[in-house]
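See below for the structure under consideration.
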Amino acid sequence: MAETSIGEGALVPYVKSDSPPHDTAVDGDGDGDSVAGDKDFLCPICMQIIKNAFLTACGHSYCYMCIFTHLHNKSDCPCCGRFLTPKLIFPNFALDKILKRMSDYQFAKNASSSEQFRRAMQQDCDVSVKDLDCLLSLLAEKKRKMEQEEAETNLQVLLEFLVCLRKRKLEELSQIQNDLQYIKEDIDAVQKYKTELWNVNKSHTARLRLRGDDFDTKGFCDKVQRPVAGGSGTQQETFTGNLQCKGGKLDAPCSQEHLENDVCAGSELQQQFTELQECYLQKRRNWAKEKKPAEGRDTNHTNRGYHAGLEDFQSVLTSCTRYSQLRPISELRLGNVFHSANIISSIEFDRDHELFATAGVSKRIKVFEFSSVIDEPAEVHCAVVDIATRSKLSCLSWNKYTKHCIASSDYEGIVNVWDVATNQSIGEYEEHEKRAWSVDFSRTEPSLLVSGGDDCKVKVWCTKQEKSALNIDLNANICSVKCNPGSSMHVAVGSADHNVHYYDLRNTSQPVHVFSGHRKAVSYVHFLSANELASASTDSTLRLWDVKENKLLQVYRGHTNEKNFVGLTANSEYLACGSESNEVFVYHKAISKPVARYKFNSSELFDADDDRGSHFISAVCWKSDSPMIMAANSQGNVKLLALAT
């Protein structure tokens, strides 16, 4: 392999060929019987097969035009240099005959039958009319058979396609019929349950009127008892609002026609309708396959009287349609107009979600009280703790057991454990050889934390020891590490090799499973639960994995992430991440498209000539299972956002 320099140091590899160029006039067919395979049949001047051969007095043969042109300029033999004139060259009839016979033999050997027939006709062969008629009839019959075979082949291919298409469409039709049956059953069950609620509401209203109590049908809210399906007990449920169709009057449940008209006009459902449809059908089909009635009991139906698959989907539908936007609640501006390094790399809430900490390239860990961020104006936010560090910080992680304990990783590969109550480092670990990108405290083991970095190593630390307890070597840079919240023995690792590696710390020789699917580096991993793991990549996607079943659950698209760390956070239902468009995106875990988004405005602290298109979200963090989320961008702005309708 050789390399060619282009520009200033850019190297373009290419493969240098070692074989000489082919000369078509010299190469033969490998059998030794080719005209071009013997150099004695080549003209020494043009190096082609001799045409119209002429022999010189010194015994050399040339093409007539070649030797005649040569002797027009010189008076010697091109081969031996002897004196030669046009009068001393003579036709070589014997060589011409040999060359013609060899050419005919080569043509007969290599030419197709049609070419041979065409050549025979062009040479005026002695063929009678009767022979020609016989030949034409044979050709016509041959053509007819070939056309018939070709037509039969084409028809067979077409028939196979149509049969395959019919089979697939019948399968689709069968699936659609099953889906329609599911939908019909669910509509009937929901209508029945709704009628029950209406009847309960109506009887309760009548009892109140008989008692003479004041009752407002528009603001009705009460708790009533209803029988539990399949049992003898009762169940208390809360009904809010009035059950009515239109017009403000308490009336019977709406008809299906009215419902269809109302649903078609509803914009909230239509925005996510395709994804919700797929979610409903998937859950309904899965329940139909996996859950079957046992010993005559219908275990697929819930206390409300409809299918468990529908019950499962209803929870998704309720949470998906509950919110449609992100609304800003408060803002902190941590960027410094005199300092260009304002990127906040990490935001984390403490154990009780009363404090949150920020860290980034400013080499400072700042801790704020969450209540003050909500209650006070933006101009007076002050950190309750401000810790200076030696290097730029990449990640933070609070200890979930010790209130004031927080870990950090930095660009020099150092992992520190801090006591924010005293502003002192209570542990420093310097075994990483390059930048450490991620650190995380275990949720189940207070003294256990893990870290990973550009040295392609995952290190497991114990705060009671000075050195790492375990080392895991990978073949690519480590971008993110997270401990499983339900197990102190399992760790997820996001790597630059496009994969998520899931390890059991009791056997680190190989991962339990490698989750593949991302097309670029995996920049973040985050657990939603003990079995659900989310990953983010610079291929502009999020993916949700089942670490118990080792399978992909969902792929999320909508944000832009091609080169930067933009943050990833999740709670039990939602995932949130940043985007290089300076936006925050929120996804429901069952829906592939974002349910809400919010765009940061460019900071007024910076000049107008600043490249505002280069700003991006750099960190995000949910506040427990609440609808509130903290987000920061590359300008050092931190905003508290809340999901809203």
Here, Cys164 and Ala57, labelled 7 Å along Cα→Cβ, have an inter-label distance in nm of 7.8 nm
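Past the 18 Å Cα-Cα mark, which pairs from Lys366/Lys639; Lys457/Lys482; Lys392/Lys457; Lys434/Lys563; Lys403/Lys639?
Cα-Cα > 18 Å for Lys392/Lys457; Lys434/Lys563; Lys403/Lys639; rest within.
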Taking amide H positions as placed 1.01 Å from N in the peptide plane, with prolines and chain starts having none, which residues 5 or more places from Ser362, or on another chain, fall under 5 Å of its amide H?
Leu393
Where labels lie 7 Å past Cα in the beta-carbon direction, separation of Lys87 and Glu152 in nm:
7.6 nm
R0 = 22 Å: FRET efficiency of Gln177 with Glu278, Cβ-based, nearest 0.05?
0.75
Amide H neighbours of Gln325 under 5 Å, at least 5 residues apart or on other chains, H built in the peptide plane: list them.
Ala644
Show me the ranking of peptides 567-573, 473-479 by mean Cβ neighbours inside 10 Å, starting with the highest.
567-573, 473-479
What size of dipole, in debye to the nearest 20, comes out for the range 137-181 about its Cα centre when the only charges are +1 on Lys and Arg C-beta atoms and -1 on Asp and Glu C-beta atoms?
140 debye
Give me the number: length gained by fully extending Ile98 to Lys74, i.e. 0.36 nm times residue separation minus the C-alpha to C-alpha distance, one decimal in nm.
5.7 nm
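Once R0 is set to 56 Å, what does the formula 1/(1 + (r/R0)^6) return for the Cβ-Cβ distance between Ile426 and Glu185, expressed as a FRET efficiency to the nearest 0.05? Could the numbers behind the result be given before it?
Numbers: r = 61 Å, r/R0 = 1.09.
Step by step, r from the Cβ atoms, then E = 0.40.
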Let a ≥ b ≥ c be the square roots of the eigenvalues of the Cα gyration tensor of the range 53-121; is it rounded (a/c under 1.5), or, if not, prolate (a/b larger than b/c) or oblate?
prolate
Taking a straight Cα-to-Cα line shorter than 16 Å from Lys109, and setting aside same-chain lysines fewer than 8 residues away, one finds Lys100
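Rounded to the nearest 0.05, what FRET efficiency do Lys202 and Ser488 give with R0 = 56 Å and r taken as the Cβ-Cβ distance? Could you check?
Values: r = 55 Å, r/R0 = 0.99.
Efficiency computed from Cβ-Cβ geometry: 0.50.
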Just to confirm the filter: which trypsin sites (Lys or Arg not before Pro) across the range 548-596 are DSSP coil and have at most 12 other Cβ within 10 angstrom of their Cβ?
Lys548, Lys563
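Where does each of 62-71, 97-106, 163-172 land if you order them by average Cβ count within 10 Å, highest first? Don't jump to the answer; show the numbers that get you there.
Working: 62-71: 18.5, 97-106: 13.6, 163-172: 10.1.
Highest mean packing first, the order is 62-71, 97-106, 163-172.
Read-outs: derived from the displayed coordinates by stated rules, not from any lab. Note that the structure is predicted; figures quoted are calculated from it, not measured. In this analysis, Cβ positions are derived from the backbone assuming ideal geometry, glycine residues included, and neighbour counts consider all displayed protein chains.
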